[in-house]
Structures are given as C-alpha cells and as structure tokens.
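Note sheet for the following structure.
Since every read-out is calculated from the coordinates, none of them should be taken as a lab result. Please read these numbers as outputs of a predicted model, since none were measured by experiment. For neighbour counting, all protein chains shown are included, and Cβ atoms are generated from backbone atoms with ideal geometry for every residue, glycine included.
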Amino acid sequence: MDNLLKFYIGGQWVAPVSDATMPVMNPATEEQIGTVAMGNAKDVDRAVAAAKSTFDSFSQTSKDERLALLWRLKAVTEDRFEDLAQAMRMEMGAPISMARDAQADAAIGHLQGFIDALETLEERTTLANGDVLLREPIGVCGLITPWNWPMNQIALKVIPALATGCTCVLKPSEHTPVSAMVYAEIIHEAGYPAGIFNLVHGDGVNVGSALSRHADVQMMSFTGSTRAGTAVMRDAAETVKRVTLELGGKSPNLVFADCDLEERVSASVLECMFNTGQSCDAPTRLLVERSCYDEALKIAKHVADNITVGDPTEEGDHIGPLFDRIQYDRVQTMIQVGIDEGATLLSGGLGKPDGFETGWFTRPTIFVDVRNEMRIAQEEIFGPVLVIIPFEDEDDAISIANDTPYGLAAYVQTGSPARAERVSSRLRAGAIHINGGGFNYGSPFGGYKQSGNGREGGLMGLEDYLETKTLHGIA
C-alpha cells in the first residue's frame, strides 16, 4: 500500500508535487484501507513529459518486440492475479468469487484478445493503386478509467497503447486506486522501458482536465458518465485531440413470448443485478410482451426475492455493496423517484437488507408497470434496480427500446432466430446479446448516441490508437 502515496512516472515510484490525499474506503465495512495521493497539473506535466521523452524510441519498436513484451506482461499478470482480485474486493466491494471470475479475469482475457489482434494487424499494406498505407502509433495517450470495472477498463486502454507503440498516462478512478497500483507494479516487473506507462492518481477536476487539455497528449480515452465525457471532449477540443468515449447506458432487454420464459427472465434479472447493478451495459429495462407479462412478473419476483446480498470476503454468487455512500444515496433517491412516479414495487425497495446496518448494501429492487417516459426508465441508476415495461408487438418493443439517449447494449430473448436477426438490425446499440450470449474477449465494445464513440477491444481497439499515413510514389 505504500505506493498509493506515490505516482509511477518515468519507470519509478516518485513523490507527488501535490500534497493532497484522500482516504480509500472499503464499502462493505466502511473502514479505511489506505490513503491515496491526489495529483495536480504539475504532476500531470511530469508524467506527460516522461511519456513524450520515450515515445520516439518506443514507437519505432517492431511488432515482434511489442508482442514479446505483451507475453511477458501476461505471465506477470497471471502471477499477480490474486492480488488484483483482492484489491477489487477491498476497494469496490466485488464479492471475491466474482472478483476472480470477472473483474481480475479481464486483465488476462483482454490481454490475450489484444495479442491475437496485434498478430493479425497489418501495419503496412499496398493499395490497389500502388500507394502504401502505414499504420503508426498516434503518440502520447491520456487514459481515464472508472471505479465500477477497474481492471476491465484499464486493460482496454493501457494494453492497446502498449501494443501499438504508444506511450501513456493513466488516471484511474481515485476511488479504486489499489488495483491500478498493482497493475503499475505488474507493468514494471514485465520489463517495459521507463516512461512508456505512467500513473497519476487524482480527481477529474485537477488531473483529468489537465490531462485532457495537455498540448503534448495526442489522444484521450475516457470511460465514465456521459456528463464527465462531455467535459473531456470540451477540454480536448482546443488541441484537436482524438477522443474515444465509453459512457452510460440504459440497455433494453426485449423478452418475446416465444422464448423459454423461465430461463430467460431468470437470467435477465440476474444479469441486471450482476456487479450490484454497477455496469454501464446492464440490461436495466426489461421489456416484456403483453401476452406473457403476468407470468414474467412471477418469475422475476421469485428470482429477485432469492438474490443473496453478502460479505465480499465470502465465496459464492451473492452480490456485494454499492461502492460508496454517494452511490448508495443516489440509488436510494432513484428508488424513491420510482415510488413517487407511481411505478409498482414488485421486489425490494428503500433501505438496506436485513442484517446489513454497516456497509453500502442495498436491496435488489424491481419496479413494474413502468412507462418508458418515467425517470427510472430513462436515467442510469447504476444500482441493482430493474424496471419492467410491457409491450404489444415487435414494432412497439423496438420503439420503446430505442427511445433512450443511450445506445451501449441491448438484449433479445426469443425462440426465433429470424426474429433475433430482424429485431437486432433495428436496435440502435453497439452490442446485441441474444438469448444470453455474452461478451467475448477480442470483440469490439462501445455504443451509439450518448453512450460514446469509438470501440474498445480486439482489432478495432488497436485501431483507435493508430494514425494512418499514405506513401505516394514509392517504388
């Protein structure tokens, strides 16, 4: 934990310029587990200078050299796997089984996906007209990641920068700095030359903005709220940076009467509650065909009533707390909004589950008879709260599904492959999950509309970190 009070800059753990700090809290116990240094613009300047100083040399490395470093990174990540899992268990309350199976697993799964993509990437191609097209690293990259999937998002940004020959400065969420600290140690042990990867902790106002505005940063990649994403775009506009954004969502889940209702509704409720509902692509709007609506509600209530809320240190498939008091209060406020709007509580509701006076635990909650214009159907709640909306037919379902400012993901449950294809083609979202089909490492991830721009993961994730150069008249 000593390194939480330092920044990783130029291949070393160094004392910050800023003297500001912040406590790191365990959301399950409300106890302090550490203290993190909070940087400022001068700390950002030091980190960007380190990244800039080594870009010329690292950008000229061969693909084989970068692949060798990535394979070494994978070996060290596997050695430190449990450290990553325990870090996220402590700092964000992820139950330890889930922290291993999903949160920490992302560090290895995405890495393998990028290795596979880099092996197939053509950095030099000849066009049909005889010109030569080169793909080159864009430069120094500023990377800002959130607290809800700490390693998933760090891996999706840091690894493609390293893979393409870019250098980078990472600002992880100040609320989940422990896993980022461990990952910096992993990169150091893997043998990356000094200055290629740099880490500065801090908040968005002081560190995120300084990074986004910095003249020597050529690209910003941000994951977080739509509000914060627009701030990154504004800050980056003066220097005309490339900006990629992965933002919020209010993902619809269309349940048609021809699916296996018991299986698909049960899985849909559990998917919404996974990670205590703190996932940007969670299927938080369950749209159910009117002919099977009543039966679907019975299934959903049974599942929600039997979800276990539990101690993150214990093995199992229970859900943990929300990540802090602020998030707990937000979720409670939105549950009250749903009640005030006239939606019917099917399960859960206000307050903490029985036996959980300490910690930011909340009750898995389902609202039914919801209208899509209600706030609880339009705003991202980011907690274990599901709204269920009836629809009449296929066109009605698609209309409701697309009636949102977001477009990150959508889900379709149907026994008809033809319907699955037909409906998917009309849904305005970056990923469509059909009958429980999950995300696979190496596939692109990102959304339409206010869910962001650009794609992360696999080959498309590499391309966001590359510039295109055309050679004319070369023999």
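Normalised by the number of residues in the range 252-440, the mean separation of alpha-carbon contacts (under 8 Å, six or more apart) gives a relative contact order of 28 percent.
For a label point 7 Å from the Cα of Leu471 along Cα→C-beta, name the residues of the range 52-76 whose backbone N is under 17 Å from it. Once the point is set 7 Å along Cα→Cβ of Leu471, 60-63 turn out to lie under 17 Å by backbone N, inside the range 52-76. With 5 Å bins beginning at zero, the pair-distance distribution over Cα atoms of the range 252-440 amounts to 1, 8, 18, 22, 21, 15, 9, 4, 1, 0 %.
Each Cα pair under 8 Å and six or more residues apart adds its separation to the average, and for the chain the resulting relative contact order is 19 percent. Ranking Met1, Leu143, Thr358 by Cα position along the charge dipole of the chain, where only Lys, Arg, Asp and Glu carry charges on their C-beta atoms, puts Leu143 farthest toward the positive end. Taking 0.36 nm per residue of separation and subtracting the current Cα-Cα distance, fully stretching the chain between Ala41 and Leu67 would add 6.0 nm.
The tail of the calculated P(r) for the chain beyond 31 Å holds 43 percent of all Cα-Cα pairs. For the chain, the cysteines with no partner cysteine C-beta closer than 4.7 Å are Cys166, Cys259, Cys272, Cys280, Cys292. Of the residues Val240, Val269, Asn198, the one whose Cα sits farthest towards the positive end of the charge dipole of the range 152-286 is Val240 (charges of +1 on Lys and Arg Cβ, -1 on Asp and Glu Cβ, taken about the Cα centre).
Against the chain, whose longest principal axis comes from its Cα atoms, helix 226-237 is set at around 20 degrees.
Among Cys280, Cys141, Cys292, which comes first, then next, by fewest other beta-carbon atoms within 10 Å? Walk me through the numbers before you get to the answer.
Values: Cys280 27, Cys141 30, Cys292 18.
Fewest-to-most Cβ neighbours within 10 Å comes out as Cys292, Cys280, Cys141.
Here the peptides 261-268, 405-412 are ranked by packing, the mean other Cβ count within 10 Å, and the order with the highest first is 405-412, 261-268. Here the convex hull built on the C-alpha positions of the range 5-72 has a volume of 128 cubic angstrom per residue.
Express in % the proportion of alpha carbon pairs of the range 129-258 at distances exceeding 24 Å. Summing the P(r) of the range 129-258 above 24 Å gives 32 percent of all pairs.
For a Förster distance of 51 Å, can you work out the FRET efficiency between the beta-carbons of Gln112 and Glu392, rounded to the nearest 0.05? Please report the intermediate quantities before stating the final value.
On the way: r = 44 Å, r/R0 = 0.87.
For R0 = 51 Å, the calculated efficiency reads 0.70.
Centre-to-centre, using Cα atoms only, the range 240-265 and the range 268-285 are separated by 9 Å. Measure out, as a whole number of angstrom, how far apart the alpha-carbon centroids of the range 315-353 and the range 19-46 sit. Cα centres, the range 315-353 to the range 19-46: 27 Å. Between the beta carbons of Thr313 and Leu133, assuming R0 = 56 Å, the FRET efficiency works out to 0.60 to the nearest 0.05. Note on Val240/Arg426: beta-carbon distance plugged into 1/(1 + (r/R0)^6) with R0 of 51 Å gives a FRET efficiency of 0.90.
The base-10 log of I(q)/I(0) for the range 221-304, evaluated at q = 0.14, 0.15, 0.20 Å⁻¹, reads -0.59, -0.63, -0.85 [Debye formula, identical scatterers on Cα atoms, solvent excluded]. Angle between the Cα long axis of helix 150-164 and the longest principal axis of the chain, 0 to 90 degrees, nearest 10? Computed tilt is about 30 degrees.
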